[in-house]
């Protein structure tokens, strides 16, 4: 079993739809959670960063973390064709130890928003 | 946020040769990492580049194959040695200041023929 599981999709939605992307994880030491967007032939671009449990909103994007369920989500409201990309969840453990700073990624979800 | 420049952005190399990828960060950062992203796959950590000391490699990656340098807090290089077609991949540099956000370069797309 992988440490981080993410449905690879692909996911296809019409423009304006609400998109829900999810990851589950098994390592209870993970404290820092990130969502990246990656366009074809580009590096990952950071969308959201959260620490521990809770919600964080930034424009059309909302990130949720439920540590009790080891489950994180990214919601995209009013999705646009320009949101078409691969979305990667990533997480890391707290300070200290050999895992300090390292990110563990999900497999990535391919999203297409069609006009 | 940190801006990370990687070069080359892409290269086509002959098997058996080596390629050195450079990573420059626009500010001093405590941690720099090198990842590999194989076609259609997610990112896998190769190693942590330690300033002034030997890099720390993840399971399955060795120094002889992927020597890494980090002479200061803003610069690192990754060399892919004795390349084979299986090394064809995107190589990504990442920078992180403590437990804050991690940023990535645009990647180096390597094709080995």
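Details
- Boolean, residue B:109 is touching a strand residue (DSSP E or B) at 6+ places or on another chain (Cβ under 6 Å), modelled with pLDDT of 95 or more and over 19 Å from residue B:37 (Cβ atoms): no
- Filter result for residue A:90 (in contact with a strand residue (DSSP E or B) (Cβ under 8 Å, 6 or more places away or on another chain) and at the interface with chain B (Cβ under 10 Å from one of its Cβ atoms)): yes
- Residue list for region B:30-41, filter: over 16 Å from residue B:78 (Cβ atoms) and either surrounded by 21 or more Cβ atoms within 10 Å (Cβ to Cβ) or within 10 Å of chain A (Cβ to nearest Cβ) (or both): B:30, B:40, B:41
- Flag if residue B:55 is farther than 12 Å from residue B:106 by Cα and within 12 Å of chain A (Cβ to nearest Cβ): no
- Residues of region A:46-65 classified as surrounded by 13 or more Cβ atoms within 10 Å (Cβ to Cβ) and away from chain B (no Cβ under 14 Å), total: 6
The values are calculated or read from the model by the stated rules, or taken from the named source; none is laboratory data. Model, not experiment: these values are computed from the prediction. So basically every Cβ, Gly included, is an ideal-geometry build from the backbone, and we count neighbours across all protein chains shown.
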